[in-house]
Amino acid sequence: MRHCSVQVRGLLTRDELDRYNALMEVGSYLESQTRYDLAYTVQREVDLLIQPAIERLKDKGRARDRATEEFLESIKQLDDEE
């Protein structure tokens, strides 16, 4: 089973995180029983579950980029005034 990144896990809601942990446990058990066909299905469910958190991470990145752009623009305006 593939884990998602720590950044994505940090943006999961409590319910999503509980479900994620349960699915990972089930998937690990299935892999230990060499039931990779079923573990694959569980992995797909995990991938669907983490999509909203990935979008939240992207939104945070976009917001950070906008803030950086605004900051650099304000510095440029200050330099132009001098």
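Where a number appears in this text, it was derived from the coordinates with a stated rule and is not lab data. Please read all numbers here as calculations on a predicted model, not as lab measurements. Note that we place each Cβ from the backbone using ideal geometry, even for glycine, and neighbour counts take in every protein chain shown.
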Revision key, fill the gap. Residue by residue through region 43-57, the couplings from Karplus 6.51 cos²θ - 1.76 cosθ + 1.60 with θ = phi - 60°, in Hz, x for Gly and Pro, are 4, 4, 5, 4, 4, 5, 5, 8, 4, x, 5, 5, 5, 5, 5
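Suppose every K and R has +1 on its Cβ and every D and E has -1 on its Cβ; what is the size of the dipole of the chain about the Cα centre, in Debye to the nearest 20?
Numbers: 13 positive and 18 negative charges, 124 e Å.
I would put it at about 600 debye.
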Exercise for review: Please give the helix 14-32 orientation as an angle from the longest Cα principal axis of the chain, in degrees from 0 to 90, rounded to the nearest 10.
Suggested key: 40
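What translational diffusion coefficient, in µm²/s and rounded to a whole number, does the Stokes-Einstein relation yield for the chain at 25 °C and a viscosity of 0.890 mPa s, taking the hydrodynamic radius as the Kirkwood radius over Cα pairs? Let's see the in-between values first.
Details: Rh = 15.1 Å.
Here the translational diffusion coefficient equals 162 µm²/s.
Per the helix-only calculation at 222 nm, which mean residue ellipticity applies to the chain, given -39500 (n - 2.57) for every DSSP H run of n ≥ 4 and division by its residues, nearest 500 deg cm²/dmol?
Working: 3 runs with 70 residues, N = 82.
Calculated at 222 nm, the ellipticity per residue is -30000 deg cm²/dmol.
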